[in-house]
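To keep things clear, I will list the structure first and then write my remarks on it.
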Amino acid sequence: MNTPRQEMEARVAQAVAKLFSPVPSGPYVRPCPDPRHGDFQTNVALVQGKQSQTNPRELAEKLVETIAWNDIAKPPEIAGPGFINFQLKTEYIAQQIGRRWIDERLGIPVVEKPETLVIDYSAPNIAKEMHVGHLRSTILGDALARLYCFLGHKVIADNHIGDWGTGFGMILFGYKREGDPEKLKQDPFGHLETIYRKIQAKAKADESVREAAKRELVLLQQGDPKSRELWAQFLKYSLDALEQIYQRLGVHFDHTLGESFYNDLLPGVVNDLVRRGIARESEGAIAIFSEGKLPPKDDPFLVSDKESASGFRDNPLLIRKSDGGFNYAATDLATLRYRHEHFRAERVIYVVDGRQQMHFRQIFDAARRWGYDGMKLEHVWFGTILGPDKKPIKTRDGGDVKLKALLAEAEERAGKIIVEKRPELSNSEQASLARIVGLGALKYADLAQNRNLDYVFNWEKLLAFDGNTAPYLQNAYVRVRAIFRKAGEQTVKDAFLKVQALAKLEPSRPAIFLSERVELELGRKLLDFADSLLLAAGEYRPHYLCLYLFELATVFHKFYEACPVLIPDEAVRNSRLVLCDLTARTLAQGLNLLGINVVEQM
RNA sequence: GCUCCCAUAGCUUAACGGAUAAAGCAACGGUCUUCUAAACCGUAGAGUGUUGGUUCGAUUCCAACUGGGAGCGCCA
C-alpha cells in the first residue's frame, strides 16, 4: 500500500500532467520541513510559474482545484510565494493505521520488479584477525542486504575475502620455518600474524628474505602441493574463526568467494582484455588505458598535467605485473564477469572504503568497455575510522583494535549498566541482555551516521546509551512489552479482535482514535516507515532509516508520557494498544533490518 | 604536481534546491504513591570555512580560495 507521501505524490503528479505542458520533472511532494505548515508540501507551482512566466500563486490555486485531495487531506493552503501545504485528515491516518496494523509486512509492498543484486562486503584478509577497520563494511553491507531482501529483491551476499596475494609469500616462508600446527589450530590469526610480523621485520633488513618470500609466492601460485596444502590449512582455520565472529555479529553471507577462487580465471580475463584492445603491454606490465571517448575530465584513465601537450596524461590501471603476477584489478574484473555470468547479477554493490574510489571508477569504466554495461555498479563507500590522534587506525604497527576485543568490551560495558539497573535479573538473563544491547549500540553508532564521514573511534561514543542510540529504540519497544505484560495476554487479544472487527466490518466507524495531539503525531509518524526504507535503500544510506526510527521512538516516548494506555475507557484503550503494537512491530522490523535485535525487557 | 573526500551550535551530527537551519551529547533548571526515569518537560547555544556566481529562493548547484584527510603503475 502507498504511504501518504506516495499517495500525495501520485495525486499531484496527475494534476500536474493535466495542467502543465511541458510537464516539470518530479518528485513534486516532500514532507514539510516545518510541521507547523502541514504534513506535505509541493512547490511545483513555483517551478512551473518560473518556467511559464506566470504568477505562481495563480498556478497554485488552479492546482488546488485540480488535485484530488479531498478524501485524504484537509483543504490545502497556499502559502508564501506559492507553496501548497497539505495536512492529512485524521480519519485517513486512523484508517491507514488499521490497514498497516493488520498486515504482516506493516504495509510495506514487495517490489514489482525484483532485481538480482550482489552485495560485496566485509572482505577481510584471512592472514589477519578482523579489526575495527572491517566493522563498517561488515555492518553496513549486512544492513543493506537485509534492506534489499525485505523490499523483495534477490540479494546475494558475497564475502570477497583476501585469501591470496603477496602477503602469503611471507607467511608461507615464515610458517615453513617456525610454524606450529597446534598454535595455528588454536588461534589461526594470532599465529599467522605473529609469523607475518616477524618475517616482515626480517625482510626489511634482509634482501635474501624478501627474495625467498617472493619465491614462496610463486610456488603457491604455480600450485606447488606442499604450499597449497599449507595455504588450505590457513584458509580452513581462518574461515572457522571468521565464522565465529560473523555469528556473534549476526551477519550472514550466501557465498564466500575470495580472491583465490578467481585465480584460475585471471589469465583468461587478461588475455581477453588484451585481445579486445582494452588493455595493452606497458613497461613489461599489462595495463588498461583510456580509450579516449570520454571527456578527459571525466575519464578515470586520464589526469590533468600542465606539462603535457594535451593537458592530460595517462593514469593506467595495472592488471598484470611485469613479473607475470596479477594485480587485484584483474581479480576484480574476473569477479565481475563471474557475478554476471554465474549469478546473473543486475546490480553489484561494493561496500568498500572510500580510499578506493579511483580504483572503482577505473574498474567500472573498464567493465563498461568490456561489455558489462547492463549491470549497475555501485561503490558504496564510507569514511575512515580514525584513532584518537585523528589519524587512521593503522593495521601494521600493532595499534589496531581487534573486532573480538571490541565486541567483548561492548558487552562488558552494556553488562555493567544492566547489572546496575536490573539487579533482580538472573546472571544469564543479564548476560543475554548485555550481548544484545552492547552489540546493538555498537552497530547503531556506525549505521546512524552518514557513511561518507570519517569518524574518530571512541569507546564512550560507540557505547553511549543516550540520545540517538540503539538502546533508546530498544527501550521504546520494551515499554510496549511492559504494557502488554501488565494488561495480560487475554486483554490484548480481545482488544485486537475488537479493533480488527471494527476495521473490517465498518471501515467508516473509527477503531483508532487520534484525539490527543501526541496520538496524532505518533499515528502520522507510523505511516512514514516505507518512505524511510525506500530512501535508505535508494541511497544506500541506512542512517535515513535510523533517523526515522529515532523519531518514531521519540514520539512514542512522548505518547507514553502523555497517554496512559491501560485505562477504563475500553475503546480508547484498545486503540492505544493497537498504536503501541504497531509502534513496537515497526521498531522491531526496522531494527532487524539494521541487524539489531530487540529484547522483552531491559 | 594531479585527483577525490570533508568543513553546519563547545562536541558529534541532521536537513530528499525552498518558509524562522534540526537533533543528540555536554551545561543549567524541573518531573517517579500511576503501564520500566536507559524516559519526559523546559532554558541557553550556530546563520552553515572564505569570496564570488546561477536561482524568485542556496547548507544543498557552479567556480576560485583556505584548512584538514586520503589516493595517485607493478600491495590489496
Residue tally, condition out of contact with any Lys or Arg (no Cβ under 7 Å at 6 or more places or on another chain), part of a helix (DSSP H, G or I) and of a type outside the set (S, T, N, Q), over the stretch A:250-297: 13
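Give me a count of the residues in the stretch A:298-313 that are near RNA strand B (Cβ under 7 Å from one of its atoms) and assigned to a strand (DSSP E or B). Explain how you work it out, then say what you get.
Filtering the stretch A:298-313 for residues near RNA strand B (Cβ under 7 Å from one of its atoms) gives A:303-306.
After this cut, where a residue has to be assigned to a strand (DSSP E or B) as well, the list is A:303-304.
Of the residues in that region, 2 qualify.
Can A:Leu318 be described as open to solvent by 10 Å² or more (accessible area, probe 1.4 Å), farther than 30 Å from A:Tyr455 by Cβ, hydrophobic (A, V, I, L, M, F, W, C) and outside any strand (DSSP E or B)?
Details: open to solvent by 10 Å² or more (accessible area, probe 1.4 Å): yes; farther than 30 Å from A:Tyr455 by Cβ: yes; hydrophobic (A, V, I, L, M, F, W, C): yes; outside any strand (DSSP E or B): no.
No.
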Would you be able to say whether some residue in the stretch A:142-151 is surrounded by fewer than 24 Cβ atoms within 10 Å (Cβ to Cβ), within 15 Å of RNA strand B (Cβ to nearest atom) and not in a helix (DSSP H, G or I)? no
Does A:Ser21 satisfy the criteria of being among the polar types (S, T, N, Q), within 15 Å of RNA strand B (Cβ to nearest atom) and assigned to a loop (DSSP other than H, G, I, E, B)? no
Is it true that A:Trp381 is touching a helix residue (DSSP H, G or I) at 6+ places or on another chain (Cβ under 9 Å), assigned by TED's automatic domain parsing to the domain that holds A:Leu317 and away from RNA strand B (no atom under 11 Å from the Cβ)? no
Please verify whether the stretch A:82-94 includes one or more residues that are within 26 Å of the chain's Cα centre (by Cα) and either in contact (Cβ under 8 Å) with a residue 12 or more places away in the chain or assigned by TED's automatic domain parsing to the domain that holds A:Gly38 (or both). no
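Does the stretch A:285-301 contain at least one residue that is touching a Phe, Trp or Tyr at 6+ places or on another chain (Cβ under 6 Å) and of a type in the set (A, V, I, L, M)? Steps first, answer last, please.
Narrowing the stretch A:285-301 to residues touching a Phe, Trp or Tyr at 6+ places or on another chain (Cβ under 6 Å): A:289-290, A:296, A:301.
Next, from what is left, pick out any that are of a type in the set (A, V, I, L, M): none.
Scanning the stretch A:285-301, I find no residue that is touching a Phe, Trp or Tyr at 6+ places or on another chain (Cβ under 6 Å) and of a type in the set (A, V, I, L, M), so the answer is no.
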Scan the stretch A:174-190 and tell me whether some residue there is surrounded by fewer than 20 Cβ atoms within 10 Å (Cβ to Cβ), touching a strand residue (DSSP E or B) at 6+ places or on another chain (Cβ under 8 Å) and either in a strand (DSSP E or B) or free of Cβ contacts under 8 Å to residues at least 24 places away in the same chain (or both). no
Only unsatisfied item for A:Ile512, checking (1) of a type in the set (A, V, I, L, M, F, W, C); (2) under 19 Å from A:Ala495 (Cβ atoms); (3) in contact with a strand residue (DSSP E or B) (Cβ under 9 Å, 6 or more places away or on another chain), is (3)
Scan the stretch A:117-135 residue by residue and report those that are in contact with a helix residue (DSSP H, G or I) (Cβ under 6 Å, 6 or more places away or on another chain) and within 13 Å of RNA strand B (Cβ to nearest atom). A:Ser122, A:Pro124, A:Ile126, A:Ala127, A:Lys128
Restricting attention to the stretch A:483-501, report how many residues are within 23 Å of A:His557 (Cβ to Cβ) and exposed (fewer than 15 other Cβ atoms within 10 Å of the Cβ). 2
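Yes/no matrix, rows are residues, columns are (1) more than 9 Å from RNA strand B (Cβ to nearest atom); (2) under 30 Å from A:Gln247 (Cβ atoms):
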site	(1), (2)
A:Arg541	no, yes
A:Leu547	no, yes
A:Lys558	no, no
A:Pro564	no, no
A:Leu579	yes, no
A:Asn592	yes, yes
A:Ile596	yes, yes
May I ask you to list pairs of residues, at least six apart or on different chains, whose Cβ atoms are under 6 Å apart, with the first in the stretch A:542-570 being free of Cβ contacts under 8 Å to residues at least 12 places away in the same chain and the second being crowded, with 20+ Cβ neighbours inside 10 Å? none
Mind checking which residues of the stretch A:452-475 are near RNA strand B (Cβ under 8 Å from one of its atoms) and either over 30 Å from A:Lys391 (Cα atoms) or open to solvent by less than 60 Å² (accessible area, probe 1.4 Å) (or both)? A:Asn452, A:Tyr455, A:Val456, A:Ala464, A:Phe465, A:Gly467, A:Asn468, A:Thr469, A:Pro471, A:Tyr472, A:Gln474, A:Asn475
From the list A:Ser260, A:Ser238, A:Ser227, which residue is over 24 Å from the mean Cα position of the chain (by Cα), touching a residue at least 40 places away in the same chain (Cβ under 8 Å), within 30 Å of A:Val437 (Cβ to Cβ) and open to solvent by less than 30 Å² (accessible area, probe 1.4 Å)? A:Ser238
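The values are calculated or read from the model by the stated rules, or taken from the named source; none is laboratory data. Computed from a prediction, not measured in an experiment: that's the story for all the values here. In this analysis, Cβ positions are derived from the backbone assuming ideal geometry, glycine residues included, and neighbour counts consider all displayed protein chains. These area figures cover heavy atoms from the full protein model, side chains too; ligands, DNA and RNA do not enter into them. Shrake-Rupley method; radii C 1.70, N 1.55, O 1.52, S 1.80 Å.
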